[in-house]
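These notes are about the structure you will find just below.
The values are calculated or read from the model by the stated rules, or taken from the named source; none is laboratory data. Note that the coordinates shown come from a computational prediction; the quantities given were computed from them, not determined experimentally. Backbone-built Cβ (ideal geometry, glycine too); neighbour counts: all protein chains shown.
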Amino acid sequence: MAARRRARRPAPGALLLTPGAGSDRTHPTLVGIEAAVAPLPTARIDFPYRIEGRKAPDRAPKLVAWIETAAATLVEATGIAPDELVLGGRSMGGRMCSLAVAAGLPAAALVLLSYPLHPPGRPDALRVDHFGALDVPCLFVSGTRDPFGTPAELEHHTAAIPGPVTHVWIDGAGHDVKDLKSVPREKLVIAAVRDWLAALA
């Protein structure tokens with residue numbers, strides 16, 4: 001685990017988790033994280049297209065707006081300050097959370113699992129333009145064989161993030177970070193998130 005820069009920030013008061021494009025709020029990693037960080041209040045949400053039974057994600061502005069609404073709902077339900085909320089999720093969901101925070105949504109931190117730095121085979125199509133506006137602690141947990149971004153690529157581009165950045169690499173894992181019989185990779189992801197959030201408290 002490699003970390004850089006630490007600053008005093010609001011302690012996490014609640015956690016909002018979002019799924020990847022092809023999954024939903026019942027993804028085992030998201031469910032496992034919720035259990036691992038208890039009693040921290042946690043909400044796992046679905047995006048509108050999943051709720052409506054569609055497979056193709058909506059465009060980013062609609063997804064970001066949905067996250068903003070869900071964040072406001074969780075903040076009100078828990079009674080925390082808006083900047084005590086941690087946001088994040090898997091792949092597209094985490095990316096949308098980072099776009100929301102870059103656009104001004106208050107947050108204590110971001111948890112970005114299998115961040116889709118670029119589409120597979122297209123390292124020129126980067127999704128990093130907003131990184132310079134992420135002035136919150138950011139946790140990136142990715143497999144070392146993720147076709148959406150190599151460790152070297154991620155470390156290079158996340159250097160543009162003003163907030164403190166931590167990378168955790170799951171050795172040999174791809175984008176889905178699936179378990180092997182001898183290596184419980186999903187548990188490694190869950191433990192990384194649990195331990196990182198505990199360190200922020």
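Quick look at the values:
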| item | result |
| --- | --- |
| Extreme residue, surrounded by the most Cβ atoms within 10 Å (Cβ to Cβ), among residues of the range 109-120 that are under 15 Å from the mean Cα position of the chain (by Cα) and farther than 26 Å from Glu84 by Cβ | Leu117 |
| The one condition in (1) over 15 Å from Leu110 (Cα atoms); (2) under 14 Å from the mean Cα position of the chain (by Cα); (3) polar (S, T, N, Q) that Thr42 fails to fulfil | (1) |
| Breaking point among (1) surrounded by 15 or more Cβ atoms within 10 Å (Cβ to Cβ); (2) within 20 Å of Leu15 (Cβ to Cβ); (3) at pLDDT 95 or above, for Ala198 | (1) |
| Qualifying position, being aliphatic (A, V, I, L, M) and more than 14 Å from the chain's Cα centre (by Cα), among Val86, Val37, Val64 | Val37 |
| Scope the range 20-49; condition in a helix (DSSP H, G or I), over 16 Å from Lys178 (Cα atoms) and of a type in the set (A, V, I, L, M, F, W, C); matching residues | Ala35, Ala36, Val37 |
| Top-ranked residue of the range 121-180 - restricted to ones that are among the small types (Gly, Ala, Ser) and surrounded by 18 or more Cβ atoms within 10 Å (Cβ to Cβ), ranked as nearest to Gly94 (Cα to Cα) | Ser142 |
| Scan of the range 50-84 for residues that are among the aliphatic types (A, V, I, L, M), buried (at least 16 other Cβ atoms within 10 Å of the Cβ) and assigned to a helix (DSSP H, G or I), ordered by number | Leu63, Val64, Ile67, Ala70, Ala71, Leu74, Val75 |
| Complete set of residues in the range 34-52 that are of a type in the set (Val, Ile, Thr), closer than 15 Å to Pro19 by Cβ and either in contact with a helix residue (DSSP H, G or I) (Cβ under 8 Å, 6 or more places away or on another chain) or touching a residue at least 60 places away in the same chain (Cβ under 8 Å) (or both) | Thr42, Ile45 |
| Yes/no for Ala192 being touching an Asp or Glu at 6+ places or on another chain (Cβ under 8 Å), within 17 Å of Ser91 (Cα to Cα) and either basic (Lys, Arg) or surrounded by 14 or more Cβ atoms within 10 Å (Cβ to Cβ) (or both) | no |
| Ser91 farther than 19 Å from Leu139 by Cβ, surrounded by 13 or more Cβ atoms within 10 Å (Cβ to Cβ) and in contact with a strand residue (DSSP E or B) (Cβ under 8 Å, 6 or more places away or on another chain) | no |
| Residues of the range 89-108 satisfying the condition of being of a type in the set (Lys, Arg) and either within 12 Å of His130 (Cβ to Cβ) or more than 8 Å from the chain's Cα centre (by Cα) (or both) | Arg95 |
